[in-house]
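The values are calculated or read from the model by the stated rules, or taken from the named source; none is laboratory data. Since this is a predicted model, take the numbers as computed values, not measurements. FYI the Cβ positions are ideal-geometry reconstructions off the backbone, even for glycines, and counts take in every protein chain you see. These area figures cover heavy atoms from the full protein model, side chains too; ligands, DNA and RNA do not enter into them. Shrake-Rupley method; radii C 1.70, N 1.55, O 1.52, S 1.80 Å.
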Amino acid sequence: MDKIKKLSQKIVEHSLKINDKDKVLITYQSPNCNDLVIELVKDISQKGAICHVKLVDPTVNKELLMTTDEKRASLLGEYTKFEVEHFTSFISIKYSTNDFEDNEVQNSIRNMIGKETRKYDDIRINKRKWVLLNYPSMLDAHKAKMSMEKFREFSLDAMTANYDELEKRIEPLKKLMEKTDRVRIVGPNTDITFSIKDIPVVPCCGESNLPDGEIFTAPVKDSVNGVITYNTPSPYQGEIFNNVSLTFENGKIIDATCQGNEEKLAEIFNTDEGSKYVGEFSLGLNSNILDPMGDILYDEKIIGSIHFTPGQAYEDADNGNKSRIHWDLVLIQRPEYGGGEIYFDDVLIRKDGVFVIDELKQLNYK
């Protein structure tokens, strides 16, 4: 089967489980995605569902953001409300061309828009079916240090993995995390502790992100203490940040440094009070993805990694933290990235990216 057709079927049948009662909105960023969008329209229609598409070019959208005032922000709130009231399912297809496209947009504009849309964005994330993916682009291939042909094959294979089989292999880790209170993460310039007691644990196997392959929960909000230093480049709000290091005291970020724009870094963590606390703790489990490419959607799934996310908690693993940001910062703990250890209730469960207890070894990469 053609891999684009296979991806479309994976989205429609596995991720969203489309039926004849659904109304689906596809948002995409480039005509280069048309072959996938056309297949999605066909497959969604064959399920008896209603489909609508909109093309949002990132360069045009940047200009719209730059012109946003309170009146336009209010309109965006009304439009977002319309979408969540009229559609049951959302497909968002990104197409990367420039990580720095939005770096002229002031944080005050982002906050103004977020204030108007957050309520409805929360409904979309927590009450609707949705899936997010990146259509393979030349920029993505460059960041992954692959030819365009090789990256296209890699990305389509990663997105169409056997998620049913992965869900079975994740189950022992889910059960262990549900019994765990204290977590400790150790590595280069990293020694951090927190509790995950009584916070739900959620396996991610192709329902909302493609590619997928992680399991997440959240720390008890005020339990985080210590230092964590991330070792992957992370694009966010039109900048790329390297070697972000965060120091926590009783859950709160009290110091933040990076290689690059520290003023912008501080601005992000001053977005609101919740931006200084962590809303997600997750382990990356996709054995097809080994190395960072500066794209969070891929990098947070890297086998042998974790991400520890300042900002908004998900409703299905809620620690009470609310914020307009959700920034998945990634730390890889395999030996070639400096190694590291994870302890659950003082028991070593993963060393240098490899699970060391018998019931979890089936999750290790080969």
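Which residues in segment 102-141 place their backbone N less than 13 Å from a point set 7 Å from the Cα of Gln259 along the Cα-to-Cβ direction?
What the label zone holds, given the 13 Å backbone N cut-off, is no residue at all.
Per the Kirkwood treatment, what hydrodynamic radius in Å, one decimal, follows for segment 28-99 from the mean inverse distance over all distinct Cα pairs?
In segment 28-99 this quantity evaluates to 14.2 Å.
Find how much the distance from Lys71 to Glu315 grows on full extension, using 0.36 nm per residue of separation minus their present alpha carbon separation; answer in nm with one decimal.
84.9 nm
Would you mind checking which residues have amide H under 5 Å from Ile303's amide H? H placed 1.01 Å from N; only 5 or more apart, or other chain.
Amide H neighbours of Ile303: Asn286, Ile289.
Rounded to the nearest 0.05, what FRET efficiency do Lys197 and Leu348 have when you use their Cβ-Cβ distance and R0 = 30 Å?
After rounding to 0.05, the efficiency reads 0.95.
Going by a ≥ b ≥ c, the root eigenvalues of the Cα gyration tensor, does segment 139-237 fall in the rounded group (a/c under 1.5), the prolate group (a/b larger than b/c) or the oblate group?
Since a/c reaches 1.5 but b/c is at least a/b, the shape of segment 139-237 is classed as oblate.
Going from most exposed to least, what order do His142, His86 have by accessible area with a 1.4 Å probe?
Sorted descending by solvent-accessible area, the residues read His142, His86.
To the nearest 10 square angstrom, how much accessible area does Asp198 have with a 1.4 angstrom probe?
130
Carbon and sulfur: what percent of segment 23-135's accessible surface (1.4 Å probe)?
53
Need one value: the accessible area of Met138 in square angstrom, 1.4 angstrom probe, rounded to the nearest 10.
Its accessible surface works out to 120 Å², give or take rounding.
Hey, what's the per residue convex hull volume over the C-alpha atoms of the chain, in cubic angstrom?
Dividing the Cα hull volume of the chain by its residue count gives 129 Å³.
Could you tell me, in Å, what Rg and Dmax come out for the Cα atoms of segment 117-175?
Rg, Dmax (Cα atoms, Å): 16.4, 41.
May I ask you to derive the relative contact order of segment 110-256, considering only C-alpha pairs under 8 Å and at least 6 residues apart, and to give it as an integer percent?
Computed over segment 110-256, the figure is 17 percent.
Specify whether the C-alpha gyration tensor of segment 208-351 places it in the rounded, prolate or oblate class, a ≥ b ≥ c being the square roots of the eigenvalues: rounded for a/c under 1.5, otherwise prolate if a/b is larger than b/c and oblate if not.
Note, shape of segment 208-351 comes out rounded.
Would you mind computing, in nm to one decimal, how far apart the modelled labels at Lys23 and Met148 are, each placed 7 Å from Cα along Cα→Cβ?
Rounded to a tenth, the inter-label distance reads 3.8 nm.
With contacts defined as alpha carbon pairs under 8 Å and 6 or more residues apart, what's the relative contact order of the chain in percent?
Relative contact order for the chain comes out at 14 percent.
In terms of modelled amide H atoms, which long-range or inter-chain residues lie less than 5 Å from the amide H of Val278?
Gly311
Separation of segment 205-240 and segment 317-366 by C-alpha centroid, Å?
11
Would you mind getting the accessible area per residue of the chain, heavy atoms of the protein chains only, 1.4 Å probe, in Å²?
Per residue, the chain has an accessible area of 44 Å².
Need one number for segment 1-145: average projected area of the convex hull over its C-alpha atoms, nm².
9.4
Starting from the amide H of Leu329, placed 1.01 Å from N in the peptide plane, find each other amide H under 5 Å away whose residue is 5 or more places distant or on another chain.
When sequence neighbours closer than 5 places are left aside, the close amide H contacts are Phe308.
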